[in-house]
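**Student:** Supplied in structure tokens, the structure appears directly below.
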Amino acid sequence: MPIPATQIAGLANGINGSRKVKPNNLKKLFTKAFRSTAVKSIFKSKAKRKPPAEIVRRVRFLLEAVDSLDDNIDPSHFDKMEELDSLLHELKAMLYGSNECEPAVDACAQLTQEFFRENTFRLIIICLPKLNLEARKDVTRIVANLQRQPVNSRLIASDYLEANSDLMDHLVCGYDDPGLALHYGTMLRECIRHQVVARYVLNSKHMKKFFDYMQIPEFDVAADATATFKELMTRHKSTVAEFLSENYDWFFVEFNAKLLESANYITRRQAIKLLGDILLDRSNSAVMTRYVSSKDNLRILMNLLREASKNIQLDAFHVFKLFVANRNKPTDIVNIIVANRSKLLRFFASFRIDKEDEQFEADKAQVVKEIAELEAKGPLFSGELHKFPGTPTASGELYKLPTTPLSRQLT
């Protein structure tokens, strides 16, 4: 695309177009024009772009050089760092496209295949701490996108991560570094889209760390860890049900003590919402029955009903109603509810939510009816909402309360 003659004439004639320009000044004007972004883009568009596989190989070579740097050397002094930054940005553009064009399917497939052919994926995760902020952002988006890129109708990222599961240990431990936590957390959530990866993380020694990560003082890091934890506990239902069945005792000890009884309001609110999501899922029916047969769990839920927050009260109600609906309640569960009957009925008489909800009102009416008709088993003791003795478990069957989620659970 030639430069318009009028533009050249205007440059030659100066701003006024009337006075002559000296040769030296004319040379400067032409140089300035050819260095402009518009003119550069004309020539750049005609430049041949390197094949995706070749770019990935070059990135791998540069990452190997970065990885070999001593820890006491500032990576920003690496003479090829600027080239690496540029290539990472180019890879991201290939995978995501731009406002002008969609990503090319063939190019994305070639890029993905080369990425997982050797150790590029491993290197890009290991070298993240040595990259600058913009490069880290590009790497995070690249890793996220690669999890969804099919090659010959297969998600080869899943196969690669199954064979290199130790990389998940690296990503989980990224929460220990506040400067890297959000990048590694985003990558981790994308990786656990693959069921095989989620199963590995759930059964790893790092799983218990999430209960501490979710209470990190840095709010954004704690929120990110909570998002990852929720993804782990809700995405792959059969895997989660298997995990909870095999790890019920320690998991709910940690969940109750560190999340539901946390001093932090946001932690409690997120935890009770997640607990409802877990227990009301059809896949976790056996876990739900076991949970609602524990009077320690009942004590915690009754205390959450006393919270000042309406949001926590409402989410606690959706779990509490499962205790009431248990057809085969253990004796201690029955006696605790009966001993606190008058307090519970007074509470539900004034328990309202901000918007009109017929389903909520129907649920509440059924819970009130069940509590009012409940008969004690054996001698009663005096109990307050916050004071109960300690706890056996028993299995039970649930009444069908008229809530949509619970009805689906029991059908």
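**Student:** Are there helices (runs of 4 or more DSSP H) fully within the stretch 255-351 with at least 2 residues that are of a type in the set (Ser, Thr, Tyr), out of contact with any His (no Cβ under 6 Å at 6 or more places or on another chain) and open to solvent by less than 20 Å² (accessible area, probe 1.4 Å)? List them. Please lay out each step first, then the result.
**Tutor:** Working: elements: 265-279, 285-291, 295-305, 310-325, 331-339, 341-350.
In the stretch 255-351, no matching helices (runs of 4 or more DSSP H) lie anywhere.
**Student:** Return a yes/no flag: does the stretch 181-188 have any residue that is farther than 24 Å from PRO51 by Cα and out of contact with any helix residue (DSSP H, G or I) (no Cβ under 7 Å at 6 or more places or on another chain).
**Tutor:** Within the stretch 181-188, not a single residue is farther than 24 Å from PRO51 by Cα and out of contact with any helix residue (DSSP H, G or I) (no Cβ under 7 Å at 6 or more places or on another chain).
**Student:** Could I ask something else about it? Contact list please: Cβ distance under 7 Å, first residue in the stretch 269-282 and farther than 14 Å from ALA257 by Cα and in contact (Cβ under 8 Å) with a residue 24 or more places away in the chain, second residue β-branched (Val, Ile, Thr) and surrounded by fewer than 18 Cβ atoms within 10 Å (Cβ to Cβ), pairs at least six apart or on different chains.
**Tutor:** Here the result reads ASP277/THR234, each pair linking the stretch 269-282 to a residue that is β-branched (Val, Ile, Thr) and surrounded by fewer than 18 Cβ atoms within 10 Å (Cβ to Cβ).
**Student:** When the residues of the stretch 101-122 are filtered to those that are among the hydrophobic types (A, V, I, L, M, F, W, C) and in a loop (DSSP other than H, G, I, E, B), which remaining residue is surrounded by the fewest Cβ atoms within 10 Å (Cβ to Cβ)? Show your work before the answer.
**Tutor:** Initially, the stretch 101-122 is screened for residues among the hydrophobic types (A, V, I, L, M, F, W, C), giving 101, 104-105, 107-109, 111, 115-116, 121.
Pick out the ones that are also in a loop (DSSP other than H, G, I, E, B) and you get 101, 104.
On the way: CYS101: 8, ALA104: 14.
Result: CYS101.
**Student:** Residue check, LEU69 against (1) in a helix (DSSP H, G or I); (2) in contact (Cβ under 8 Å) with a residue 24 or more places away in the chain, all met but one. Which one?
**Tutor:** Going through (1) in a helix (DSSP H, G or I); (2) in contact (Cβ under 8 Å) with a residue 24 or more places away in the chain one by one, LEU69 breaks only (1).
**Student:** Here is a follow-up. Touching a residue at least 60 places away in the same chain (Cβ under 8 Å) and either in a helix (DSSP H, G or I) or of a type in the set (Ser, Thr, Tyr) (or both): does that describe ILE125? Don't jump to the end; show me each part of the working.
**Tutor:** Working: touching a residue at least 60 places away in the same chain (Cβ under 8 Å): yes; either in a helix (DSSP H, G or I) or of a type in the set (Ser, Thr, Tyr) (or both): yes.
Against the criterion (touching a residue at least 60 places away in the same chain (Cβ under 8 Å) and either in a helix (DSSP H, G or I) or of a type in the set (Ser, Thr, Tyr) (or both)), ILE125 qualifies.
**Student:** Let me ask something else about it. Would you say ASP363 is crowded, with 21+ Cβ neighbours inside 10 Å, out of contact with any Asp or Glu (no Cβ under 7 Å at 6 or more places or on another chain) and at pLDDT 95 or above? Show your work before the answer.
**Tutor:** Working: crowded, with 21+ Cβ neighbours inside 10 Å: yes; out of contact with any Asp or Glu (no Cβ under 7 Å at 6 or more places or on another chain): yes; at pLDDT 95 or above: no.
Answer is no for this residue.
**Student:** Let me ask something else about it. Please enumerate the residues belonging to the stretch 352-380 that are farther than 14 Å from HIS318 by Cα and in a loop (DSSP other than H, G, I, E, B). Full working, then the answer.
**Tutor:** From the stretch 352-380, those farther than 14 Å from HIS318 by Cα are 354-356, 358, 369-380; that's our starting set.
Once the filter is applied, which keeps residues that are farther than 14 Å from HIS318 by Cα and in a loop (DSSP other than H, G, I, E, B), the stretch 352-380 yields ASP354, LYS355, GLU356, LEU374, GLU375, ALA376, LYS377, GLY378, PRO379, LEU380.
**Student:** Please go through the stretch 169-214 and give me each residue that is assigned to a helix (DSSP H, G or I), open to solvent by 10 Å² or more (accessible area, probe 1.4 Å) and in contact (Cβ under 8 Å) with a residue 40 or more places away in the chain, ordered by number.
**Tutor:** Matches in the stretch 169-214: HIS170, LEU182, HIS183, THR186, ARG189, GLU190, GLN195, ARG199, LYS208, ASP212.
The values are calculated or read from the model by the stated rules, or taken from the named source; none is laboratory data. Since this is a predicted model, take the numbers as computed values, not measurements. Here the Cβ is made from the backbone with ideal geometry for all residues, glycine too, and neighbour counts use every protein chain on show. Keep in mind that these areas ignore ligands, DNA and RNA; they rest on the heavy atoms of the full protein, side chains included. Shrake-Rupley method; radii C 1.70, N 1.55, O 1.52, S 1.80 Å.
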